Structures are given as C-alpha cells and as structure tokens.
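Shown next, in structure tokens, is the structure this report addresses.
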C-alpha cells in the first residue's frame, strides 16, 4: 500500500500529513521559521519516523503554501486554495464553502461536490484581517494563544476597536489595559473585529452552506463563535483545523500517483 | 507631543515648548503651557487669546477656541511659505495632505486608518531592525540600491524586512526601501488631490532627510521643509488666536470674557 504526503509551508506554521489508502496516518505541525527548506525536511523526517519508513519511503508528495518552492523533495506543487478546498471535502463531503483563517491571510472558498474551487476571495494585504492580529494582541495581553478563545467567551462587554489597523489596534489594546478594561473584553473585541472582516469577505464571494472553517484561526473557539453569530450560521469545525490544507495536498498526491 | 507656542501681537514667536502627550499626560497641557509662559517670562493673564488644536484639543480647558489641526497646519505653513499650494503633514499616527489657498484649506485627504504611510510604520520597523528612528534618514542616504518592500501592511513589512536582512541585504538599502514605501503611500494619498508646487512637508517624519528625498523622487518636484517641522500646527493656532483676538477687539468686545486658570483637563475624549 502506497504512502502519500502533503506538506503545507505556511507563513507562520508548517504542516505535514502522511496518509495511506486507508486514510490519515500521521501529521506534524511546527513553526516555519526563516529556513523553509530545513523546515520541510524536518516535517518529512518526523512523518517517516512515525511510520517507521526510510527517508525516501514516501511514494508521492505534494507541496503547498507560501513556502512550497522550498519543499525540494515534492513531486508536485499546488496552490493552497486548491488544497484547502480538497482537504475540506475530504473531511466534510457535504461542505460547499470553507473559511481559512491563516497566519498572513484569510480566504473564503466556494467548492463543488468534488472539492473543486468554484470561487474564492482572499484578504492578504492587511494584518488586521489575519490571525496575526490575534497573535499581536495576545502578546500585549500576555496570554497564551491557546487561552485566547476561551477567555474571549467569558466577555460580557467586548470593546469596539476604533481602528481597522493591527498596529493601531495594538496601541489601542495597551491604552484599554491601562484604563483597567478586562483581558476578556479586549480579546472578545479582537475576535469581533476579525469576524467582521471575515463576514465582509464572505459577502464578496457569496456564502454557500454548509460552510466549514479551518486554519489556525479555527482553533480560536471565541472567533468561531462570533463568526457564526455574524453570519447567522453554524460552521463545521474539523478536529484538526490547521492541517486541512496539508490533508488536501496529501489527497492530491494520491491522485497524482494514480494518474502516473 | 504637546506643543505650546506663544506669539506677540505682531506674530513674533516668544516661546516654543514641546512636551510629551502619551496616555498619562493627556490632561497635562497646562504643564507645557506653564513652561512656555516661564520661557517667555509672561503671566497667564497677559495672554489675550488661546487656540487649542490637534487630536487632544478638547483636553485644553484654558483654551478660548478649538480649531481643527488641518486649519491650523495650513495657516502655520502659509506663514512660513507664502507660496505653499500643497501641504503634507506626516505624523506619528496619521498623514494629511492639504490643498492650500492663501493659508486656507480648500481640500484635503488623510489617512488615519492604517499605520502604513505614517511615522508609526517607521517606528515599528526601526525596532525590528534595531536602529533608532532618528538615525534612519542618514542610514538611508548611504544606500546605492534600495530594496523594494512589497508588503503594504506594517506588520507584514516588518517580517519582510527582517527576512531580507537575514538574506544578507544591506541595512541602508532596506531603510531606503522603507522610505520609498512611505513616500509612495503618502504621495498616492496626495494624488487624490491635484498636487501643485510649492509643496511643504511637515510633521515629525519631515525631520527624516531620507523621507524628504524619497518624497521628492515620487513627486518629481522640490519639497520644502520648515526649520522645525513639528510646530506648524501650534504656530498656525497662535496666528489664528491673534487674528481672532484682533477681530473681537475691532468689534469692541473684550476677549476673553472669562478669567482663565491653568487647570488640568478633567475629561477625556
């Protein structure tokens, strides 16, 4: 039975998935760092170790993400939008749209029943529309990223940011902290601001249901909740939202191998 | 920063004091005022008229009148450069472009929504590069080949330049590229108006000679910078105060009517 691998080198995290015909076998997530080539190698090393394979024991690898060009051992490179769509349909065959909240961008992708991209919109010009906004404010509040969602859900009165800029937002958060506003109200305000940007991106492409949410941002339970409230829908959340795109790349690797 | 500028009835500057604004000083315009009075050797009751301007103009309880910073900047710049047609002010958190006719604002465009194209862009990235923001101008003038910064967003640009630095690009080339990015964004804003010379650049960022050079390249014309580019708003406010006082005297009114006291502000806005 063949081994397929999907590697997604993102702006902040790199994700690797190892799969067989029976399904997902192992995955690995690590910081991308400054040397994407070394990171790609480290992801592969981790995956082959878990499967007890030789370094070249993987039959087909597809690379995706901003650093795909650095995955020197990949058989093929694909756009992350295509891979995200494919990964989504793999997990949720009924899904017709997916919101990907990533480190440096947010994407809304409409997909058909085969997992092909119908339409998409990307917000990548501005950190305030990406997961980095959350990271920046978590840093100001000195809280762990993992605690951000649960903390924000405790808020009764989210602050309203007067700015749409992550840099100005950071200063605003510092001012609010100095004024004695609680961390949960600030965290909830950040999630609301980001959710508003996501909603307008959804309007641009036209949301189809059911809709899934993935990317590191989907780990933020507070964000998922306000996006759901803003759109007035319930979202499908995969158990491992960070690896959806890598999973799609692994599925593409399998298709590539069977075509060959 | 809070700036206080006192002039006599002929518009001659008697004293200029710059103090911090910051969150804890927002109420304390009175302290900067006190220092300006001491420097000019004046008592408060000898001051005929006070105009407050800027974002914090509502936090100056001893002001007789509050006037927007656009009006004051234009007036201040006009007093220094009578031929000014386009005034550009790049501050720590915004950028304003004004079309000026005889010292009055006839049109303007501003960016206070996004840190890109403001002094904050340079401040944030200076920290990441480990340089002082006041040294950036001189550093960039050593550059032979500027590094293009492709990201517009300050946060993304910061990551981009750190990556460039680790790839071995020279600091001066990166800093020159950053100045180019700021200039291109501000000139883009100014182009929504019709840019006509004379062009005057003010605000803290105008102290950066690298920015001035980059602005000249993008505008393809000379850019004039006042000796102290930080105080044109306060200067304009003082000139408008003088005009308002003279007008009310001409009308036979006594201004100001209320006895002024140097209080600290009791409210925020």
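The numbers here are math on the coordinates, done by the rules we state, and not lab data. Keep in mind the model is a prediction, meaning the values are calculated, not measured. Counting neighbours? That spans all protein chains shown, and the Cβs are built from the backbone with ideal geometry, glycine included.
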- Before rounding to the nearest 500, sum -39500 (n - 2.57) across all DSSP H runs of length at least 4 in chain A and divide by the residue total; then give [θ] at 222 nm in deg cm²/dmol. -13500 deg cm²/dmol
- Message: Bins of 10 Å, beginning at zero and ending with the bin holding the largest distance: percent of Cα pairs per bin for chain A, please.
- Response: 8, 31, 32, 20, 7, 1, 0
- On a 0 to 90° scale, report how tilted helix B:232-250 is relative to the longest principal axis of chain B, with both axes built from alpha carbons and the result rounded to the nearest 10. 20
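Please figure out what share of the DSSP beta bridges in chain A is antiparallel and state it in percent, rounded to the nearest 5.
Rounded to the nearest five, the antiparallel share is 65 percent.
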- Semi-axes, largest first, in whole Å: what does sqrt of 5 times each Cα gyration tensor eigenvalue give for the range B:114-163? 17, 13, 10
- In square nanometres and to one decimal, what's the mean projected area of the convex hull around the Cα atoms of the range A:46-166? 10.9
- Would you calculate the separation in nanometres between label points at residue A:154 and residue A:228, each defined as 7 Å from the Cα along the Cα-to-beta-carbon direction? 2.1
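If you count the DSSP beta bridges with both ends in chain B, what percent of them are antiparallel, to the nearest 5?
About 70 percent, rounded to the nearest 5.
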- For the Cα atoms of chain A, what angle does the longest principal axis make with the long axis of helix A:183-205, in degrees from 0 to 90, nearest 10? 60
- Query: Using alpha carbons only, how many degrees (0 to 90, rounded to 10) separate the axis of helix A:80-91 from the longest principal axis of chain A?
  - Reply: 80
- Take the Cα atoms of the range A:1-107, find their three principal axes, and give me the spread along each one in whole Å, biggest first. 38, 35, 20
- Note on the structure: Gyration tensor on Cα atoms of the range B:82-224, a ≥ b ≥ c root eigenvalues, a/c under 1.5 rounded, else prolate if a/b beats b/c, else oblate, says prolate
- Separation of alpha-carbon centers, the range B:182-243 and the range A:200-260, rounded to whole Å: 47
- Message: Just want the ordering: B:169, A:172, A:179, from fewest to most Cβ atoms lying within 10 Å of their own Cβ.
- Response: A:179, B:169, A:172
- Gyration tensor verdict on the range B:20-174 (Cα atoms; rounded if a/c is under 1.5, prolate if a/b is larger than b/c, oblate otherwise): prolate
- Query: Using 1/(1 + (r/R0)^6) with R0 = 25 angstrom and r between the beta carbons of residue A:77 and residue B:128, what's the FRET efficiency to the nearest 0.05?
  - Reply: 0.25
- Query: Quick one: Cα convex hull volume of the range A:105-260, Å³ per residue?
  - Reply: 120
- DSSP bridge pairs, the range B:82-224: antiparallel proportion in percent, nearest 5: 65
- Per the C-alpha gyration tensor (a ≥ b ≥ c, the square roots of its eigenvalues), chain B is rounded if a/c is under 1.5, else prolate if a/b beats b/c, else oblate; here it's prolate
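Where does each of B:64, A:185 land when they are ranked from fewest to most other beta-carbon atoms within 10 angstrom? Walk me through the numbers before you get to the answer.
On the way: B:64 20, A:185 17.
So the ranking, lowest neighbour count to highest, is A:185, B:64.
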- Query: For residue B:112 and residue B:35 in the same chain, what is the full-extension length gain: residue separation times 0.36 nm, less their Cα-Cα distance, in nm?
  - Reply: 24.7 nm
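In which sequence would A:256, A:3 go, from the one with the fewest C-beta neighbours within 10 Å to the one with the most?
A:256, A:3
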- Message: I'd like the projected area of the protein assembly as shown, averaged over all directions, using the convex hull of its alpha carbons. Report it in nm² with one decimal.
- Response: 28.4
- Task: Give me the distance between the Cα centres of the range B:131-165 and the range A:48-124, rounded to whole Å.
- Result: 33
- Query: If you find the alpha carbon centre of the range A:129-198 and of the range B:64-104, how far apart are they in angstrom?
  - Reply: 35
- Please tell me the relative contact order of chain A in percent, rounded to the nearest whole number, where contacts are Cα pairs under 8 Å and at least six residues apart. 24
